[in-house]
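Shown next, in structure tokens, is the structure this report addresses.
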Amino acid sequence: MRSLISNRKRFHDLSEAEVLALAISSEEDDAQIYRNFAARLRQDYPATAAVFDGMAEEEDGHRKRLIDMFRSRFGETIPLIRREHVAGFYARQPVWLMEHLPLERIRTIAADMEYEARRYYEAAAARVTDAATRQLLGDLAAAEAGHETVAGDLTEQHLTEQAVSAEDHHAHRQFVLTWVQPGLAGLMDGSVSTLAPIFAAAFATGDTWSTFLVGLAASVGAGISMGFTEAASDDGELSGRGSPLKRGIASGVMTTLGGLGHALPYLIPHFWTATIIAICVVFVELWAIAWIQKRFMQTPFWRAASQVVLGGGLVLAAGILIGSG
């Protein structure tokens, strides 16, 4: 019988052979996911990769026990049934969608996988009538529940305090190289380089709408330019700075936002009100840049502030003088 709202079978309509077949395919999928995690993490996070290698071996052992039980009861032909064939069955994200997940998120996904597998085995054990099959499914449910202990043992063996510290340091460094540095460069460029054209247009025309259009064009154009420049300048293979697409997005978006910050006040029709607010926004942006440099780049705050605020102030003054002239 099929579900009335989908073409997938309901769990309660599965035969005992299909329950075992679904468990077999699920263990195969989970083992492959763990191996993909291990392969992806091996170069940068060898200790965590070793944890996932061990978890994949555990899943292989479960699969073998399930196949042996299926063979003894139903023969050699295992029905082709997978998670996506059963309504309401927990889903795994495709591995290719997990390529760029942070390390802690991967560990969380693995913990969720263990929990979901245990719930399936508990439900499956309640469905079957054969004593040996029920015992096996119950044992596997207990094993999945105990995987937290297994993972803890593997963590104790492979993820020493020194290893975790090194991996966390690497993850932070990669985050800074991929997102923070390009984003900070974009924010600085967008905040500073657009000052002159925006304020020159403001003081030359006295028209807030025209000034806004100039600011919007300058911000979007600078964002596109910075994004493409960052993405094309380094493919990340040798420098280790990560995906050029990510860096380009970070740089382009932050460049645009940096320029729009002091362009948006010119949506206010009153010239001096808009200009005073825009100048205040400029100084907030410059101080934010100084804080980001201190927080992520370990630049002393007052040195970063003096450099950014001084440079931004000079560009602002130049724009006002040019526009007023």
Inset, instruction - Give the order of K9, K294, K64 when sorted by the count of other beta carbons within 10 angstrom, beginning with the fewest. - result: K64, K294, K9
Legend entry - Backbone HN-Hα couplings from phi across the stretch 224-231 [Karplus 6.51/-1.76/1.60, Hz, Gly and Pro as x]: 4, 4, 5, x, 5, 4, 5, 5
Legend entry - Pair A318, K294: separation of 7 Å Cα→Cβ label points (nm): 2.7 nm
Legend entry - Difference of contour (0.36 nm per residue) and Cα-Cα distance, R8 to V309: 102.2 nm
Inset, instruction - Pop the C-beta distance of I277 and L177 into the FRET formula with R0 = 41 Å and round what comes out to the nearest 0.05. - result: 0.70
Legend entry - Backbone HN-Hα couplings from phi across the stretch 302-315 [Karplus 6.51/-1.76/1.60, Hz, Gly and Pro as x]: 5, 5, 4, 5, 5, 5, 5, 5, 5, x, x, x, 5, 5
Inset, instruction - At 7 Å along the Cα-to-beta-carbon direction for both D68 and T205, put a label point, then send me their distance in nm to one decimal. - result: 8.0 nm
Legend entry - Among 183-190, 77-84, 219-226, the order from most to least packed when residues are scored by Cβ within 10 Å on average: 183-190, 219-226, 77-84
Legend entry - Interchain or long-range residues, amide H under 5 Å from A87's placed H: K9, R10, F11
Inset, instruction - Taking the Cβ of each residue in F301, F212 as the centre, tally the other Cβ atoms inside 10 Å and list the residues starting with the fewest. - result: F301, F212
Inset, instruction - Quick one: order T133, T108, T194, T299 by neighbouring beta-carbon count within 10 Å, fewest to most. - result: T108, T299, T133, T194
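FYI, it's all coordinate maths here, none of it is from the lab. Note that this is a predicted model, so its numbers are computed, not measured. Using ideal geometry, Cβ is built from the backbone for each residue, glycine included, and neighbour counts are taken over all protein chains shown.
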